[in-house]
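Report on one structure; see the data block that follows.
Bear in mind that the values in this text are calculations on the coordinates, not laboratory data. No experiment lies behind these values; they were computed from the predicted model shown. Virtual Cβ from ideal backbone geometry, glycine too; neighbours counted across all protein chains shown.
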Amino acid sequence: MFYFDEINGKKVVKSSLLEGLNHFFTTRESIIKTKEPDFKAIVCENKKDICKFLNIDEKNLIYPSQTHTSNVDIAKIGINNYPDTDGLILTNKEQAVFLNFADCTPVIIYDSSNNIAAVSHAGWRGTAGKIAVKTVEKMMKEFGSNPKELKCAIGPAISLCCYNVGKDVYEKLMDTVKLQDGLFEIRKGEIFVDLKTINKRQLEEIGVKDIDVCPYCTVCNNDLFFSYRKENATTNRHSAVIKL
């Protein structure tokens, strides 16, 4: 179940499934990523608040250069540059990792047995490339994670109600899952797809059982979260943040 919490009086969203992992999804109030001048002062302030909350230096609050790939890397102490990376696995307690979203699907994955966690950025390209699955597979290969023991939270993203796509994107997404029921709707000749549930289905098909799906749509709940589609290609982002 998802619920609201606060950092220095500003809203964040958490999943009760990820108890034991320091995590949250920022909102419009707690924004830490923008390219828009009007938001830079508040981003600076929020980063300081979040670093204080996480008890880390700001240099250790890191994020990769997301380019809608299905590339996954492992965070390393002292390294802040992760080019063309849309999934980042955290294995140390010195850093915190965040990835940024404005309609795309955030996926946090937690392995309590090995005390490691990851965030994946699953837009339609990342979802078509099964980035959440590839993140789990890297955790399995590198650290011996058991999919049946993993806990996953799929965060706020554009939902089935609002996400219409072309036939080519629809076909690429449907090719990634065996069971396609409930993943799309046809309305007045337009195709609408459910990225959150497609990612959930992909994870289930490799053995992940504990998955919490956020009910909030970034378009419908635009008062809480940013939407690239609704806000004319805004550069403001909400973020998925993890720290062990």
So, in region 59-99, of the ones that are surrounded by 13 or more Cβ atoms within 10 Å (Cβ to Cβ) and among the acidic types (Asp, Glu), which residue ends up nearest to PHE143 (Cα to Cα)? ASP73
Regarding PHE25, is this residue within 17 Å of the chain's Cα centre (by Cα) and either within 21 Å of ILE116 (Cβ to Cβ) or assigned to a loop (DSSP other than H, G, I, E, B) (or both)? yes
In the set GLU45, GLU58, GLU19, GLU29, which member is within 18 Å of PHE225 (Cα to Cα) and not aliphatic (A, V, I, L, M)? GLU29
Among the residues of region 186-216, which ones are basic (Lys, Arg) and either closer than 17 Å to HIS121 by Cβ or touching a residue at least 40 places away in the same chain (Cβ under 8 Å) (or both)? LYS196, LYS200, LYS209
Being without any contact (Cβ under 8 Å) to a residue 40 or more places away in the chain, on the phi > 0 side of the Ramachandran plot and not β-branched (Val, Ile, Thr), is that true of even one residue in region 50-58? yes
Enumeration of residues in region 220-234 that are surrounded by fewer than 19 Cβ atoms within 10 Å (Cβ to Cβ), under 23 Å from LYS14 (Cα atoms) and touching a residue at least 60 places away in the same chain (Cβ under 8 Å): CYS220, ASN221, ASP223, LEU224
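Conditions tested, residue by residue: (1) within 21 Å of THR69 (Cβ to Cβ); (2) part of a strand (DSSP E or B); (3) in contact (Cβ under 8 Å) with a residue 60 or more places away in the chain; (4) in contact with a helix residue (DSSP H, G or I) (Cβ under 8 Å, 6 or more places away or on another chain).
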| position | (1), (2), (3), (4) |
| --- | --- |
| VAL133 | yes, no, yes, yes |
| LYS138 | yes, no, yes, no |
| SER145 | no, no, no, yes |
| THR176 | yes, no, no, yes |
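Here is a yes/no grid of residues against (1) buried (at least 21 other Cβ atoms within 10 Å of the Cβ); (2) outside any loop (DSSP other than H, G, I, E, B):
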| site | (1), (2) |
| --- | --- |
| SER159 | yes, no |
| VAL169 | no, yes |
| GLN180 | no, no |
| ARG201 | no, yes |
| ASP212 | no, yes |
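Table: residues versus (1) among the charged types (D, E, K, R); (2) assigned to a strand (DSSP E or B); (3) under 23 Å from ARG125 (Cα atoms).
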| site | (1), (2), (3) |
| --- | --- |
| VAL12 | no, yes, no |
| ALA41 | no, no, no |
| CYS44 | no, no, no |
| ASP49 | yes, no, no |
| LYS59 | yes, no, no |
| PRO64 | no, no, yes |
| ASP73 | yes, yes, yes |
| ILE79 | no, no, no |
| VAL97 | no, yes, yes |
Identify all residues within region 182-194 that are assigned to a loop (DSSP other than H, G, I, E, B), charged (D, E, K, R) and surrounded by 10 or more Cβ atoms within 10 Å (Cβ to Cβ); write none if there are none. ASP194
Filter region 8-22 for residues that are over 19 Å from the mean Cα position of the chain (by Cα) and more than 20 Å from ALA102 (Cα to Cα); the one that is surrounded by the most Cβ atoms within 10 Å (Cβ to Cβ) is ASN8
Among (1) assigned to a loop (DSSP other than H, G, I, E, B); (2) β-branched (Val, Ile, Thr); (3) under 20 Å from LEU203 (Cα atoms), ILE109 falls short only on (1)
Go through region 62-76 and give me each residue that's farther than 23 Å from ASP103 by Cβ and in contact with a helix residue (DSSP H, G or I) (Cβ under 8 Å, 6 or more places away or on another chain). ILE74
